[in-house]
Amino acid sequence: EGVAYNREHSFPQSWFGGSVLPMYSDLWIIYPTDSHVNGMRGNYPYGKVGTATFTSLNGTKLGNCVSPGYSGTCYEPIDGYKGDLARSQFYVASRYIGEDSSWPGGASTSKSQWLPWAAAQYMAWSNGDPVSWKERVRNAAIYEFQHNRNPFVDHPEYVNAIYDSTN
């Protein structure tokens, strides 16, 4: 907490097999973070925390998951980043489908695809934390460097069109 920062793979490296390119350096899943907080997250999935076993100075939490469909340990970011992280997660599912046959996956995924509980939670976060100016600027900057955009930032309505079965 405030001692150092590092880069966080919001889609943990262990879920795609480690230092595998292009995922390892894909800017859509890399965020600067506090090194201690990042260490606490480890490779736990994002979700809604019931009882926190750790709460960072900025309010991120680690603890038991109360997102319907998953009861393991999860990590809950602060409200101001929930939509950003959710749209990054949806990006992974659309960008890497078909390239994920060797991915081990994680507690919220089957390879690059979101399990129903995670898709529902991330959809709620994306809808509850709309695309911000900061996220649009980041999208443009990543495009300049990486030559691809996050379609869920440009068109947040795609989240519901793809993941909401009632849409």
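Run down the lysines and flag those whose C-alpha is under 20 Å from the C-alpha of Lys134, throwing out any fewer than 8 positions away in its chain.
Correct list for Lys134: Lys82.
Grab the other residues whose beta carbon is less than 15 angstrom from that of Cys65, score K and R as +1, D and E as -1, and report the net.
On the way: positive: Arg41, Lys48, Lys61, Lys82; negative: Glu76.
Combined, the nearby Lys, Arg, Asp and Glu give +3.
Distance from the Cα centre of segment 21-52 to that of segment 93-167, in angstrom?
After rounding, the separation between the Cα centres reads 15 Å.
Determine the calculated [θ] at 222 nm for the chain from helices alone, applying -39500 (n - 2.57) to every DSSP H run no shorter than 4 residues and normalising by the residue count; nearest 500 deg cm²/dmol.
-11500 deg cm²/dmol, from helical runs alone.
Put Tyr46, Tyr163 in order of accessible area, largest first, 1.4 Å probe: what do you get?
Tyr163, Tyr46
Would you mind telling me the antiparallel percentage of the DSSP bridges in the chain, rounded to 5?
Around 95 percent antiparallel, to the nearest 5.
Indicate the gyration tensor shape class of segment 28-154 (rounded, prolate or oblate), computed on the Cα atoms with a ≥ b ≥ c the square roots of the eigenvalues: a/c under 1.5 is rounded; otherwise a/b larger than b/c is prolate and the rest oblate.
The shape class here is oblate.
The values are calculated or read from the model by the stated rules, or taken from the named source; none is laboratory data. Source: prediction; values computed, not measured. Cβ atoms come from the backbone with ideal geometry, glycine included; neighbour counts cover every protein chain shown. Side chains are part of the model used for accessible areas, which takes the heavy atoms of the whole protein and leaves out ligands, DNA and RNA. Shrake-Rupley method; radii C 1.70, N 1.55, O 1.52, S 1.80 Å.
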